[in-house]
Amino acid sequence: MRIDIPGTYNFREVLPARPGTLYRSDALHRVTRAGRAALRLLGISRVIDLRGRWDVRIGGRDRIRGVGAELIRIPIDAGTPSSEASTLELSDVYRTLLADYGDSLGEAIRAIADADGPVVVHCTAGKDRSGLVVALTLLAIGTPVDQVVADYALTETNLAGEWADRMMRKVRRFRIPITDTLVEIITRSPAPALLDALSWIEETHGGVRPYLSSIGVTDADLARLTERYAPDPLAAPRA
């Protein structure tokens with residue numbers, strides 16, 4: 001469920017069974033004074049910004065001064081808008097991220113694992129780069145695939161309307177042909193796209209944990225993730 005952080009559209013809790021630990025969001029460059037106050041109330045201790053250099057140049061830096069959070073930038077350069085982007089499928093984007101940017105994905109997951117307090121991970125939309133980092137983190141601690149996919153799919157609803165309209169206006173300035181696949185890449189989070197990415201991991205590495213090992217996430221990292229984020233089996237269920 002979306003959390004109202006003024007200046008964001010896709011800020012939400014990832015682990016309802018371990019509340020107050022891990023959040024995901026769209027970019028924080030528009031966060032208002034009220035938004036920063038809300039982040040302070042959540043006790044955010046670490047912000048992991050996955051936006052590439054181009055994203056930051058056109059969007060701006062995170063506005064988190066006074067929040068008390070450590071900012072860790074792990075740039076994953078998804079590239080600038082181009083005519084080629086009009087022909088790509090979202091599944092192609094995810095396979096490229098997994099194959100070519102594994103080191104950065106692994107670094108982000110390790111940054112989640114060794115945080116001392118609540119963490120928020122974000123990119124521009126909180127959908128693709130953040131989506132893969134969050135999905136891999138959730139799967140690493142044993143979250144059922146259907147729950148992981150459901151969390152991923154929520155993004156499209158949160159971005160619909162003002163956020164999506166603004167992003168499409170920006171893209172049109174580059175005079176790029178607007179195709180259905182381009183609209184999907186920018187604004188949507190269909191379940192089949194994430195399922196395809198997970199199938200690629202299974203086919204090429206034999207599962208999520210072997211893939212995580214290949215991108216530098218160690219057994220010690222996995223143990224910390226499980227300790228901090230896996231549901232407490234002794235905790236009473238939330239109403």
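Highest mean first, the peptides 119-132, 52-65 sorted by other C-beta atoms within 10 Å per residue fall in the order 119-132, 52-65.
Considering only alpha-carbon pairs that sit under 8 angstrom and 6 or more positions apart, the relative contact order computed for the range 1-75 is 29 percent. Remark: the range 66-176 carries 42 Å² of accessible area per residue (probe radius 1.4 Å; ligands, DNA and RNA excluded). Around the amide H of Arg61, modelled in the peptide plane, lies no amide H under 5 Å away from a residue 5 or more places distant or on another chain. In terms of its alpha-carbon gyration tensor, the range 14-129 comes out prolate; a/c meets the 1.5 threshold, and the first ratio a/b outweighs b/c.
Projecting the Cα positions of Ser104, Ser199, Val217 onto the charge dipole of the chain (unit charges on Cβ atoms of Lys, Arg, Asp and Glu, taken about the Cα centre) puts Ser104 furthest along the positive direction. Only the Cβ atoms of Lys and Arg (+1) and of Asp and Glu (-1) were treated as charged; on that basis the dipole of the range 120-239 about its Cα centre amounts to roughly 700 debye. The overall shape of the range 28-71, judged from the alpha-carbon gyration tensor, is oblate: a/c is not under 1.5, and a/b is no greater than b/c. Solvent-accessible area per residue in the range 1-45 equals 42 Å², computed with a 1.4 angstrom probe and all protein chains kept.
Magnitude of the charge dipole for the chain, about its Cα centre and with charges confined to Cβ atoms of Lys, Arg (+1) and Asp, Glu (-1), is about 1320 debye.
Ignoring ligands, DNA and RNA, what percent of the 1.4 Å accessible area of the chain is carbon and sulfur? Reported share for carbon and sulfur atoms: 51 percent.
The values are calculated or read from the model by the stated rules, or taken from the named source; none is laboratory data. It should be emphasised that the depicted structure is a prediction, and the values quoted were computed from it without experimental measurement. Quick reminder, even Gly has a Cβ in these numbers, built from the backbone with ideal geometry, and neighbours come from all protein chains shown. Side chains included, ligands, DNA and RNA excluded: accessible areas come from the protein's heavy atoms. Shrake-Rupley method; radii C 1.70, N 1.55, O 1.52, S 1.80 Å.
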